[in-house]
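Structure first, then comments.
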Amino acid sequence: MIYHLSLQTAGLIAGFLLLLVSLPGLIKPDFSQQMAQRLPRSRVTGWALLTVGFLWSFWLLATMEMGEFSSFRKPLLFILPVGFLLVLRFVDEFLAVRALGILFLLAAEPLLDAAFFRSERSRLLVTVFAYLLIVAGLFWVTMPYLLRDQINWSARTNGRWRLTHGLAFLYGAAILACAFTRY
């Protein structure tokens, strides 16, 4: 256990993030559609998200227990920054989407870890959310154009955009309600 998050803390974080992401789509759909459609090719956002992913990965690699693979720690601590710099230099296409996918993959582990061996059925809200992050992260890292297509599909009409964000808002509210009452 690296993160030491309780299920309540993980639920609060996941719920608040879902609410934070979905509120602009409900309140100002036109503005949030424009922002979302610029996200996949945004170089600045890509650099920022990849830097966060790099720092998180570096911290994990430096502090986690690796068991019999601990002899690989020093070479990996050297290779990771070199890979980060090479990606910044040579990967321009959909860097923000790939970096977001990496962050989704990194974020899923603490959520699953917090729900591990818990008996409440409501823990499944956090677990399902973590697995949705994993699936989305895997697709976005390997096929980043899919996020662009998903954004364009949901932004085709304001009703579809609001429905998508309304569902995310309700899911985040359900996780928050369980975090306050059940966990």
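A few points about this structure:
- At R0 = 45 Å, FRET efficiency that the Cβ-Cβ distance of residue 160 and residue 68 yields, to 0.05: 0.35
- The stretch 46-90 and the stretch 111-143 have Cα centres separated by 23 Å.
- Rounded if a/c under 1.5, otherwise prolate or oblate - the stretch 1-115, Cα gyration tensor axes: oblate
- Sum of -39500 (n - 2.57) over DSSP H runs of 4+, divided by residues of the chain (222 nm, nearest 500): -27000 deg cm²/dmol
- The chain: DSSP helices with Cα axial extent of at least 27 Å and average Kyte-Doolittle hydropathy no lower than 0.0: 7-27, 43-63, 95-115, 123-142, 158-181
- The stretch between residue 152 and residue 120 holds 7.8 nm of extra length on full extension. This uses 0.36 nm per residue minus the Cα-Cα distance.
- In terms of other Cβ atoms within 10 Å, 65, 93 run from fewest to most in the order 65, 93.
No value in this document is a laboratory result; all are computed from the given coordinates. All of these numbers come straight from a predicted model, not from anything done at the bench. For neighbour counting, all protein chains shown are included, and Cβ atoms are generated from backbone atoms with ideal geometry for every residue, glycine included.
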